[in-house]
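Coordinate-derived values only; no laboratory data. As the structure is a computational prediction, the values presented were derived from the model and not from experiment. We place every Cβ from the backbone using ideal geometry, glycine too, and count neighbours over all the protein chains shown.
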Amino acid sequence: MRIGAHVSTAGGISKAVDRGVEIGCETIQIFGSSPQSWAFKSVPEAEASAFKRKAAETGLGPVFIHAIYLINLGTSNQANLEKGKQSLINYLTLAAQIGAGGVVFHPGSHQGVGYDGVVPQVVATLKEVLEKSPEGPCLAVENMAGMGQHIGASFDELGRILREVDNPRLRVCLDTQHSFAAGYDLTTPEGVASMIAEFDRAIGLGKLAAVHANDSKQPLGSGVDRHDNIGEGFIGKKGFAAIMAHSAFQAVPFFLEVPGFEGKGPDQRNVEILKEIRQKVGAPA
């Protein structure tokens, strides 16, 4: 169970390793480009090599890349669907270039058509993305909070997509805050066990690639995507103890996507809190 955070790549992606080490990360997640723009610039080979060298020297890993936020596999706008498809291919190509474990992405919204109405398009798109990208890195779809018309707030929805794509490289990133907002009670060992049982039935625990470790500013079942620092939200430290004690998470990287205690994003204090909880519950480091 490696603990880390989403860190900035400002000044070049190799700088992300330095920032991760500075706050005590054992693993990191990064953006490959601006998350609010379709624009993508290939990373120079020298910078990619520097990233891999630094990661190897510090023992930092696995590395995951988070896709841009503009991607919506349920969109009726075919131009934007093509842009999203190419963005995922670009990111998987970058992941292979820097030796990353995979790319995490949000599936998007069905925009009122309904989940069943967009599944064929989502499946066809993901098949094409995986066919046109390098072997190796996985593509991890993130479970959503359930706000509005999200695709993938339930494990059944994600499981159906994975089964129909039928590619071992398609996996799942479980976000604790999104799960809690979608109605999965993570505050007790019993609640965590119930969620994991449903995940295993609908998706399969072997498909779990990573965890976004975020407390929740909103109560259970709110459907609202609002992250909080560990211990300051409705999940709380006891909830994270229940999560980290469960055997399903023992070999999965945890990435913080929290506001930070000084409002500057994931920080050393949040990393240390998760490490303290990991030690307390006896999870493997």
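Can we say Ala245 is of a type in the set (A, V, I, L, M, F, W, C) and in contact (Cβ under 8 Å) with a residue 40 or more places away in the chain? Judged against the criteria, Ala245 is a match.
Only one of the listed residues (Glu190, Glu131) is within 22 Å of Leu81 (Cα to Cα) and exposed (fewer than 15 other Cβ atoms within 10 Å of the Cβ). That residue is Glu131. Within segment 42-61, the presence of a residue that is under 20 Å from Leu139 (Cα atoms), surrounded by fewer than 21 Cβ atoms within 10 Å (Cβ to Cβ) and acidic (Asp, Glu) is excluded.
The numbered conditions (1) more than 16 Å from Ala5 (Cα to Cα); (2) not in a helix (DSSP H, G or I) are all true for Ala242 except (2).
Among the residues of segment 1-33, the one identified as outside any loop (DSSP other than H, G, I, E, B), among the hydroxyl-bearing types (Ser, Thr, Tyr) and out of contact with any strand residue (DSSP E or B) (no Cβ under 9 Å at 6 or more places or on another chain) is Ser14. Which condition number does Val113 fail, the rest of (1) under 30 Å from Asp228 (Cα atoms); (2) out of contact with any helix residue (DSSP H, G or I) (no Cβ under 6 Å at 6 or more places or on another chain) being met? Of everything listed in (1) under 30 Å from Asp228 (Cα atoms); (2) out of contact with any helix residue (DSSP H, G or I) (no Cβ under 6 Å at 6 or more places or on another chain), Val113 misses just condition (1).
For segment 76-113, residues that are in a strand (DSSP E or B) and either among the polar types (S, T, N, Q) or over 18 Å from the mean Cα position of the chain (by Cα) (or both) total 1. Just one of (1) more than 24 Å from Arg2 (Cα to Cα); (2) part of a helix (DSSP H, G or I); (3) hydrophobic (A, V, I, L, M, F, W, C) fails for Leu220. It is (2).
Is it true that some residue in segment 193-213 is buried (at least 18 other Cβ atoms within 10 Å of the Cβ), more than 14 Å from Asn143 (Cα to Cα) and hydroxyl-bearing (Ser, Thr, Tyr)? Within segment 193-213, not a single residue is buried (at least 18 other Cβ atoms within 10 Å of the Cβ), more than 14 Å from Asn143 (Cα to Cα) and hydroxyl-bearing (Ser, Thr, Tyr).
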